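Heads up: the structure comes next, in structure tokens.
No lab work stands behind these numbers, since they all come straight from the coordinates. Predicted model, so just to flag it, every value in this text is computed and none were measured. Positions of Cβ are backbone-derived with ideal geometry, glycine not excepted, and every protein chain shown enters the neighbour counts.
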Amino acid sequence: MRAVLYVDDQEEELQALRFQLAERYRIIPCPDGSLAAALVAREQPSAVILDLEMPGYDGFKVLSDITALGEHPPVLMLSGHSDAHFVSRAIKSGASWYMSKPYHHSMVRKQLDRIIAKASAPAAAASACSDQKIDSLIGSSAVMASVRADIAAYAPSNCPVLIVGESGTGKDLAARSIHRLSARSDGPFEVRNIAAFPESLAESELFGSDAGAFTGAKQRKGCFEEADGGTLFLDEIGEACATAQAALLRVVEDGLVRRLGATRARRIDCRLVCATNRTVDALTADRGFRSDLLYRLDILRISMPPLREHREDIAELVEFFLAGRKDRRTPARERIPAATLEKLVLYDWPGNVRQLRACMERAQALSRGGPIKPEHLRF
């Protein structure tokens, strides 16, 4: 039976967790955080459960002690804090997963299973796999490297992620990369444009319905149930109607969904990723968007930069777009004369990467597979 080190000074919580995990794991209690690293070195547990709030020895200090060992087991951090500062610090400090209280003990068991399974994979294979799973975000610039680093850091967490950025910056690609790098990668990845949910059908779209719940209603799953065990990506969250916002707040807070017409709610194991082309300041100032919901969604944030802020990536993006075409007569690098590239780099790209891709597709058609000249560009 695998051993799990549980670092917490609360005896009641220890007993409750031990009861829930007894069939799969042997719990090693550690009420004194200062002893945690030594116990990890001696007992070689498969994972560590670490409570952030402990008297006398800060949970982040415990995490630092454990990661300082070099090779160490995955760490599942538990905390009453759910704001972005604590979550981001925990993930970047080396925690494999972060869960905010209150939580259900069955969820702790599921996350333990996942992080242990992921840690068991060969490190080299995992690294190569990670590179492949973020390679859709093209660009060698510092800002794109920062985006990829944030994705890699946040993917193991179960906390909501808010992706902000102008239209066409690749928010959907970032969301997919988060899913692919997470322990949920074998689960579903469901995409919904929440702005398209009519006020009258918002709850049905989110939670589903039982037959007869309303006129013409049939039994169907909502998007949360469809994403159970995986990731739900809600695009254009800033345009969600009031009904959808209220429904989202409920499920984010308690993890329960109830189909329309149903008498019982069910617990959903779903990672929520949202995207908006509005800034967080704009959402905060908008009286039509609930601040309490924003606080719950903006736990981890990824900012996708507009293309005009990383023009140095344009040549690489163009080469990537051209390399995938089957109708080319010459290699991608030879198809872009210096004058053409200069014109591409100087343009501001209000539609960002999406506009650049469309521009290159149009230019390829006009050039008929030959070199793309400045006159082939249509902005």
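Structure notes:
- Over all Cα atoms in the range 126-303, the spread is summed up by Rg and Dmax: 16.6, 55 Å.
- Residue 286 versus residue 67: modelled label distance in nm, points set 7 Å from Cα along the beta carbon direction: 3.4 nm
- Pairs of Cα atoms in the range 2-120 fall into 5 Å distance bins, from 0 up to the last occupied one, in shares of 2, 12, 25, 28, 22, 10, 1 percent.
- DSSP beta bridges confined to the chain are antiparallel in about 10 percent of cases.
- Computed about the Cα centre, the dipole magnitude for the range 2-120 is approximately 580 debye when only Lys and Arg (+1) and Asp and Glu (-1) carry charge, each at its Cβ.
- Under a model in which nothing but the beta-carbon of Lys, Arg (+1) and Asp, Glu (-1) is charged, the chain shows a dipole of about 1440 debye around its Cα centre.
- Extreme residue, positive dipole direction of the range 126-303, given options 170, 243, 223 (C-beta unit charges): 223
- Relative contact order of the chain, taken over Cα pairs closer than 8 Å and 6 or more residues apart, is 14 percent.
- Length gained when the stretch residue 106-residue 201 is fully extended (0.36 nm per residue, less Cα-Cα span): 31.1 nm
- Ranked by how many other beta carbons lie within 10 Å on average, peptides 58-69, 260-271 from highest: 58-69, 260-271
- Gained length - residue 34 relative to residue 366, 0.36 nm times residue gap less alpha-carbon distance: 112.7 nm
- The chain: C-alpha pair distances exceeding 25 Å, %: 61 percent
- Based on every Cα atom in the range 209-324, Rg and the maximum pairwise Cα distance Dmax equal 18.6, 57 Å.
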